[in-house]
Amino acid sequence: MRLLLITPLVFLAACANPLEACKQDALKDLRVVQALIADTQATLDRGYAIQTETRTVIYTNFCVGTGVGSNGQFSFCNYPQPYTTKRPVAVDLDQEKRKLRSLKAKEIELKRNSLLNQQRCELEYPAAV
């Protein structure tokens, strides 16, 4: 989930001008903590966590041989495919509440730091403003 939230930002930063790339970098840690806050709050609201498990399943299919000496004959081919499942998991709700308080405190700190870093970006790349 976190990776899904961060991946578009990485691509945006790669295409952006230097000022925007700098600002996105300044917000990176804040966005991660905000995603963790949302995840923890959802866990508290549900009363349980959701664990994602990914394993590889092998599928067998017919394929036409293309290697040396295969003469285009049919054979069996194995295709590995990732398979993801989600399942509920019990958690210590008091510990989750403590984690949420800690993350919110960190969010306040990161908001202040990211604002300062964004201002630093504007000073570093004034022509791009």
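The values are calculated or read from the model by the stated rules, or taken from the named source; none is laboratory data. On a predicted model such as this, the values are computed, not experimentally measured, just so you know. So basically every Cβ, Gly included, is an ideal-geometry build from the backbone, and we count neighbours across all protein chains shown.
Some observations on this one:
- Subset of the range 83-102 (residues that are without any contact (Cβ under 8 Å) to a residue 12 or more places away in the chain and part of a helix (DSSP H, G or I)): 94, 95, 98, 101, 102
- Pairs, first in the same structural domain as residue 23 (by TED's automatic domain parsing) in the range 103-129, second at pLDDT 90 or above and of a type in the set (Val, Ile, Thr), C-beta under 7 Å, six or more apart: 103/33; 103/37; 103/40; 104/37; 106/33; 107/33; 107/37; 110/33
- Matching residues, the range 93-129, being of a type outside the set (A, V, I, L, M) and within 14 Å of residue 21 (Cα to Cα): 114, 117, 118, 119, 120, 121, 122, 124, 125, 126
- Residue list for the range 33-56, restricted to those being touching a Lys or Arg at 6+ places or on another chain (Cβ under 9 Å) and loosely packed, with under 15 Cβ neighbours inside 10 Å: 50, 51, 52, 53
- Residues of the range 5-44 that turn out to be under 30 Å from residue 90 (Cα atoms) and modelled with pLDDT under 90, as a count: 3
- Candidates in the range 102-121 are the residues that are surrounded by 13 or more Cβ atoms within 10 Å (Cβ to Cβ) and of a type in the set (A, V, I, L, M, F, W, C); of these, the one that is nearest to residue 37 (Cα to Cα) is 103.
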